[in-house]
Amino acid sequence: MLRVYNVLNVRTGKVLDAEELLKRMPEQEKHKLRAEQLGPKIRNYACPVCDQKVYLSGKGKAEGKIYHFRHFPNLGECPLKEGNNISKEDLKKIIYNGAKESERHMKLKTWMGDFLRSLKPKGEFTESKIETRITSSEGKKHWRQPDVSCVYKGKPLVFEFQLNNTFVEVIQGREEFYANEHTYICWLFDGFNSYDTAFGQRDIFWLNKSNAFAITEETMRLSEEKGDLLIECHYTDPVIDGTAVKNRWVARILSFSELNLNESYYKPFYFDSDSAREKLELKLLVEEFENYICGGRKEINYKEQRKKDGSFLSKLKIHLQNESIPNEITDSFINIIDALYFLKTGKVENLNHNFNNIKQFTNQIIQYYPQHGYIYCKAVKEYHPDFKSEQLGDKLKKKVNDFWKEFKIAEKEGKPNSQDKSYDSILKLLFPELEKYLAELAKEKTFVFVQ
Ligand SMILES: [Zn+2]
């Protein structure tokens, strides 16, 4: 539905009944408004739900004329426009609350604008303005009117107070708009309680690395006292609880200068809960995978193995987006895992083989799986620095020496694939101590022709 029954006067911030407004508006003014709509000039009325400008349409002759405000059909989403199932009741609540709470809203943005202006001599916040329109660089058709706008350390920044339950489309629309304009948007709540969050708040903080910011009477007082913008920051600090990652809420008052303003992510944040959670989830997965590979896997039949292998590999693939993960777990992979696990832990009870010393493993890898010989030998060096090659016996020592000779020739001849690198990303996860050797190997591949 394109028609808008209530409009926001963007100058005053007041929500008006469209019918009443039009009844009072002289016909000439209506047509001036309509004429302006054709040009690039910014108009005075917007939809109170989505913030987008509306236009005055009309039909009929003389006394029978009908005018109404309508959304532009192609100017972005609005829950009203999409005909979402919003009951009249809910809609009234949004608009009515908007009007009722506007005093508080006005108070907050005025405080913010004035306070930032008072910080101007310090040089961090400049050009602070309350309710000034920001017009899109793509054209004057698109604009937003943030509560407070400023330039922070050279970066354009807007503050939006979120006092009502704003629709997700509106939130997204604003965030997209500002990201397009390379402008940072910081949502501020009028207080925040992590145990009792409104839907609109959740639409904001879950998509901001689980960071929620609030202004309270206390932060306003402290800000004025310290001459620095302080805000209340709430974020989730994920923790491992048994075999799952759980969210733990943390709240603290901090200076705005402690927030991260990352290039290309146009929302300030304090703690990146998303990547913290991702790290913990990966840690759990790696532990589970290790228990499986060096343990449970040998207890199940081939068919079950294939199924479980695939499930682990696809989970790893999701976590290691930029790295290549092989499609299957091969015998050769199991062999190198067994060997490295033994070298690292000295434990033999969970292995897939019955070997129990370095000599046996060395023979196994160098003889049958030389494609893992490089990392195997480096792992011996890493985990058993005192191990002497003499301990291998003459015959095996010669095999190892021959392996290295061939390895070096292969590298020189530009055949870096003499070593199997397809499991490197998994090996790095299971044996982080070996990452440096894997990196060296990867590098040799690049520089081999230079030698
Ligand atoms: Zn709308």
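Bear in mind these aren't lab numbers, they're just calculated from the coordinates by the rules spelled out. For clarity, every value in this text was computed on a predicted model and none was experimentally measured. With ideal geometry, Cβ positions are generated from the backbone for all residues, glycine too; neighbour counts draw on all protein chains shown.
Applying 1/(1 + (r/R0)^6) with R0 = 41 Å to the Cβ-Cβ distance of Tyr195 and Ser311, what FRET efficiency is obtained, to the nearest 0.05? Show your work: numbers first, answer last.
Values: r = 36 Å, r/R0 = 0.88.
Efficiency computed from Cβ-Cβ geometry: 0.70.
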*Label points 7 Å out from Cα along the Cβ direction at Arg202 and Ser422: separation in nm?*
4.4 nm
*Leading residue at positive end of dipole, the chain (Cβ point charges), from Gln371, Phe387, Tyr45*: Tyr45
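On full extension of the chain, what length is gained from Gln321 through Val239, given 0.36 nm per residue of separation minus the C-alpha to C-alpha distance?
Numbers: separation 82, 0.36 × 82 = 29.52 nm, distance 2.27 nm.
Answer, rounded to one decimal: 27.2 nm.
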*In the neighborhood of Asp402, defined by Cβ-to-Cβ distances under 13 Å, what is the net charge if each Lys or Arg adds +1 and each Asp or Glu adds -1?*
+4
*Which of the listed residues, Ala439, Phe342, Leu280, is farthest toward the dipole's positive end in the chain, when Lys, Arg count +1 and Asp, Glu count -1 at the beta-carbon?*
Ala439
*In degrees between 0 and 90, to the nearest 10, how far off the longest principal axis of the chain does helix 273-293 point, with axes built from Cα atoms?*
30 degrees
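Tyr5 to Tyr265: extension gain in nm, 0.36 nm per residue of separation minus the Cα-Cα distance? Don't jump to the answer; show the numbers that get you there.
Numbers: separation 260, 0.36 × 260 = 93.60 nm, distance 3.58 nm.
Between Tyr5 and Tyr265, full extension yields 90.0 nm more.
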_Distance between modelled label sites at Gln37 and Glu287, nm, 7 Å Cα→Cβ extension_ = 6.2 nm
*Provide the descending list of Cα extents for segment 280-447 along its principal axes, expressed in whole angstroms.*
42, 38, 29
*Table column - 3J(HN,Hα) (Hz), segment 17-23, Karplus curve with 6.51, -1.76, 1.60, x for Gly and Pro*: 6, 4, 5, 5, 4, 6, 5
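Sum up the charges of everything whose Cβ sits under 12 Å from the Cβ of Asp228, counting Lys and Arg as +1 and Asp and Glu as -1, but leave Asp228 out. Before the final figure, lay out each step's value.
Working: positive: Lys122, Lys226; negative: Glu124, Glu224, Glu225, Glu258.
It works out to a net charge of -2.
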*Residue separation times 0.36 nm, minus the C-alpha to C-alpha distance between Asp331 and Lys303: what's the value?*
8.6 nm
*Hey, with R₀ at 25 Å, roughly what FRET efficiency would Glu224 and Met106 work out to, going by the Cβ-Cβ distance, to 0.05?*
0.85
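Report, in cubic angstrom per residue, the convex hull volume of the C-alpha atoms of the chain.
It is 237 Å³ per residue.
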*Would you calculate the volume per residue, in Å³, of the smallest convex hull containing every Cα atom of segment 252-334?*
127 Å³
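Sorting check: for 199-206, 47-54, 309-316, 131-138, which peptide has the highest mean count of neighbouring beta carbons within 10 Å, and how do the rest follow?
Working: 199-206: 18.4, 47-54: 23.6, 309-316: 15.5, 131-138: 13.6.
The peptides rank, most packed first, as 47-54, 199-206, 309-316, 131-138.
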*With each label point set 7 Å from Cα along the Cα-Cβ vector, what nm distance links Ser257 and Lys153?*
0.9 nm
